[in-house]
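The values are calculated or read from the model by the stated rules, or taken from the named source; none is laboratory data. Just so we're clear, the structure is a prediction, and the values are computed from it rather than from any experiment. Heads up, the Cβs are rebuilt from the backbone with ideal geometry, glycines too, and the neighbour counts pull from every protein chain shown.
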Amino acid sequence: MKKILLAIVFLFAYTFSVQAQVLYGMTYAGGKNGTGVILSFNTYSSSYTKVYDFDSTNGANPSSSLVRGRDGKLYGMTVNGGSGGYGVIFSFDPSTFSYTKLKDFDYTDGANPYGSLMLANDGKFYGMTVNGGSNDYGVIFSFDPSSFTYTKLMDFSIRSGANPYGSFIQASNGKLYGMTEYGGYTGPDGLSIPHGVIFSFDPATSMYTKLHELSLDAGGNPYGNFIQTKDGQLYGMTLDGGSGRRGTPVYGTIFSFDSTTGYTIPEKTFTYPDHGGPYGSLIQAKDGMLYGMTNAGGASSLGVIFSFNPTSSTYTELKNFDGTNGANPYGTLMQTGDGMLYGMTNAGGASNLGVIFSFNPTSSTYTKLKDFNGANGANPYIGSAFIEVPEAGPLPVTFTRFDGKNKGTSNQLLWEVENELNLDYYELQRGTDGRNFSDVSQIKAAGINSYTYNDNIADVVSTVYYYRLKSVDKDDHFKYSTIIKLSTDRNKIFAEVNPNPFNNKLVIHAESLIKIKATFILTDLSGRKLYKQERLLLPGTNIVEINETGRLSKGSYLLTIIESQQTRIIKVIKGN
């Protein structure tokens, strides 16, 4: 039994046991036919199993990761193979190891998908192809796994954006967000500026909106996906460009994007030879940090593992690939329930065909777990990543997140799930001692990935509250989530900045339960103090305005709120 303790501001989560987990992934090459494999890797026994060999007829050269459907099967795509050689959509049942080809791409409706499928709240998969379609710049499509219906939804073009290598995410507003590697603005002289675009797609209306055209100055030509962090911000990476590119060799950026305002903020420029060339995507781990990999740079010029703090915009290089332990990763890390990060490299290892590895973000310990040798797979490629599946097969539901926040007289709970199979409802339970729980509410399973609930605690006086979720399926089987602990302090201030990004005036909404004196300090990211104000807060909601912000340049700043028993830091963005 493994015990995990996660400590977050205002939140402590306790996990009492961890079940053995199996990771599923794919390689672009190798295997019996040289066209890639599906593999499984047991994280506790370190046992590797090749479970399927791709071939030209049923699909060849998968580049991305698998996605779990609501039926418990894993779904994916290949770049090549199939009846026309343009790739396929397939399913794989991890309980029976059965592979089923579901769709052959025929070029007219899309060709050569490098990204992964994305399961949206409407139960359909959404994806993109790099080539094919009416303009030969790729398409957006949906695939309904219940009816096996494929629908081409949009043809990319030079102006709208072209050749997407990544995948969609569905943001909290229900829209899909993605990036293209090529395309964008075409000038009056007919010459294009082909560094890609950021766009949204509304699955309810099939409306495509080009939100931002990328450039080399701020970063261009992305190959990966967005992630949405816990504060609602979108983060991505580009392969090329960045600040200082005219005087320093630069190889891409980390950037943030506000889907509400359309502001794009370069957060980090990769400079060679220190690091450069990220093909994969970022992940946000349980510690709140973003983690990723570069394909090149580092001490051996073979890539690095890094972390990025989205609050302070601090970049930290954690591990250099040296060839022996792996080289040139093209994919994305993933985090298992025990907090470990797992990934694959495209090259390096004993046969120079790539490796499987783990990385402990707490101790910064890197472990090479398996060498690809050709027969067992080779060269995981763009977007490659693992997906975690319980060893005994799909469970009724998998909790990927359960946390909360106190807001005075209510506790706001949020949980995110995967694999919601045959589930009837969630029963939210609350206690004040961590041992005895009472029912708060039943929330009907709705077939979505994210749930929220506001628990009114005005009549339940305590300084700490414990919560757990009981998931009950339609056969009355049930299991419990982890227990989370929310601390409440009647002296604490709960504050938010709205709007954020701001323009000429920074408006802070500060909620206090008692009369208390607080200090508000605005600094730049280097720590230079720009503004300081002391304010007596009264019980209730207080509006604090900083009117001298019109002189600030566009970019990111830190707002620090200090009172006698707490300090809170909020990242704010100055717009135009």
Residue check, Thr253 β-branched (Val, Ile, Thr) and assigned to a loop (DSSP other than H, G, I, E, B)
no
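Taking Ser410, is it without any contact (Cβ under 8 Å) to a residue 12 or more places away in the chain and over 27 Å from Arg68 (Cβ atoms)?
Numbers: without any contact (Cβ under 8 Å) to a residue 12 or more places away in the chain: no; over 27 Å from Arg68 (Cβ atoms): yes.
Taking the combined requirement at face value, the residue does not satisfy it.
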Read through the list (1) buried (at least 23 other Cβ atoms within 10 Å of the Cβ); (2) farther than 23 Å from Glu420 by Cα; (3) not acidic (Asp, Glu), then give the number of the only condition that Ser83 fails.
(1)
Among (1) assigned to a loop (DSSP other than H, G, I, E, B); (2) modelled with pLDDT of 80 or more, which single condition is Ile562 missing?
(1)
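Quick check on Glu496: is it among the acidic types (Asp, Glu), in contact with a Phe, Trp or Tyr (Cβ under 7 Å, 6 or more places away or on another chain) and in a strand (DSSP E or B)?
On the way: among the acidic types (Asp, Glu): yes; in contact with a Phe, Trp or Tyr (Cβ under 7 Å, 6 or more places away or on another chain): no; in a strand (DSSP E or B): yes.
Answer is no for this residue.
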Which one of these does Ile448 not meet: (1) more than 31 Å from the chain's Cα centre (by Cα); (2) assigned to a loop (DSSP other than H, G, I, E, B); (3) not assigned by TED's automatic domain parsing to the domain that holds Arg551?
(1)
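Take the range 191-235 and flag every residue that is small (Gly, Ala, Ser) and assigned to a strand (DSSP E or B). Spell out how you get there, then give the answer.
Initial filter on the range 191-235 (small (Gly, Ala, Ser)): 192, 196, 200, 204, 206, 215, 218-220, 224, 232.
If the condition is that a residue be small (Gly, Ala, Ser) and assigned to a strand (DSSP E or B), then Ser192, Ser200, Ser215, Gly219, Gly220 are the ones that fit.
Can you name every one of the strands (runs of 3 or more DSSP E) wholly within the range 59-106 that holds 2 or more residues which are under 23 Å from Thr400 (Cβ atoms)? If you could, list the steps in order and put the result at the bottom.
Details: elements: 74-77, 88-93, 98-104.
Here the list reads 74-77, 88-93.
Any idea how many residues of the range 88-108 are modelled with pLDDT under 95 and surrounded by fewer than 19 Cβ atoms within 10 Å (Cβ to Cβ)? Please lay out each step first, then the result.
Looking only at the range 88-108, we keep the residues that are modelled with pLDDT under 95, and these are 93-98.
Those still in the list that are surrounded by fewer than 19 Cβ atoms within 10 Å (Cβ to Cβ) too: 93, 95-98.
Residues flagged as modelled with pLDDT under 95 and surrounded by fewer than 19 Cβ atoms within 10 Å (Cβ to Cβ) within the range 88-108 amount to 5.
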Of all residues in the range 545-559 being hydrophobic (A, V, I, L, M, F, W, C) and more than 11 Å from Lys532 (Cα to Cα), the one that is modelled with the highest pLDDT:
Leu558
Looking at (1) modelled with pLDDT of 90 or more; (2) surrounded by fewer than 15 Cβ atoms within 10 Å (Cβ to Cβ), which is the one condition that is false for Ser462?
(1)
Cβ pairs under 7 Å, 6+ apart or interchain, first in the range 209-225 and at positive phi, second of a type in the set (D, E, K, R) and surrounded by 19 or more Cβ atoms within 10 Å (Cβ to Cβ), ordered by first then second residue, are Asn221/Glu181; Asn221/Asp240
From Leu421, Leu395, Leu469, grab the single residue that is surrounded by 14 or more Cβ atoms within 10 Å (Cβ to Cβ), modelled with pLDDT of 80 or more and more than 30 Å from Gly326 (Cα to Cα).
Leu469
Here the qualifying pairs (Cβ atoms under 7 Å; residues six or more apart or on different chains; first in the range 81-104 and at positive phi; second assigned to a strand (DSSP E or B) and of a type in the set (Val, Ile, Thr)) come out as Gly81/Thr35; Gly81/Val88; Gly82/Val88; Phe97/Val51
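Tell me, which residue of the range 352-389 that is outside any loop (DSSP other than H, G, I, E, B) and small (Gly, Ala, Ser) is surrounded by the most Cβ atoms within 10 Å (Cβ to Cβ)?
Step one: list which residues in the range 352-389 are outside any loop (DSSP other than H, G, I, E, B), which gives 355-360, 365-371, 374, 377-378, 387-389.
Filter once more, keeping what is small (Gly, Ala, Ser): 358, 374, 377-378.
On the way: Ser358: 19, Gly374: 14, Gly377: 27, Ala378: 24.
Within the range 352-389, the match that is surrounded by the most Cβ atoms within 10 Å (Cβ to Cβ) is Gly377.
I'm checking my understanding of the structure. Among residues of the range 1-33 that are part of a loop (DSSP other than H, G, I, E, B) and surrounded by 17 or more Cβ atoms within 10 Å (Cβ to Cβ), which one is modelled with the lowest pLDDT? Before the answer, list the steps.
In the first step, residues of the range 1-33 are kept if they are part of a loop (DSSP other than H, G, I, E, B); the result is 1-3, 9-10, 16-20, 28, 31-33.
Remaining after also requiring surrounded by 17 or more Cβ atoms within 10 Å (Cβ to Cβ): 10, 28, 31.
Details: Phe10: 32, Tyr28: 98, Gly31: 97.
Among those that are part of a loop (DSSP other than H, G, I, E, B) and surrounded by 17 or more Cβ atoms within 10 Å (Cβ to Cβ), it is Phe10.
Anything in the range 514-540 that is of a type in the set (Val, Ile, Thr) and surrounded by fewer than 13 Cβ atoms within 10 Å (Cβ to Cβ)? List them, or say none.
Here is the first cut: in the range 514-540, the residues of a type in the set (Val, Ile, Thr) are 514, 516, 519, 521, 523.
Result: Ile514, single match.
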Considering residues that are in contact (Cβ under 8 Å) with a residue 24 or more places away in the chain, among the polar types (S, T, N, Q) and in contact with a strand residue (DSSP E or B) (Cβ under 6 Å, 6 or more places away or on another chain), the number found within the range 47-64 is 3
Note on Glu511: of the conditions (1) in contact (Cβ under 8 Å) with a residue 24 or more places away in the chain; (2) surrounded by 13 or more Cβ atoms within 10 Å (Cβ to Cβ); (3) within 25 Å of Ser256 (Cα to Cα), unmet is (3)
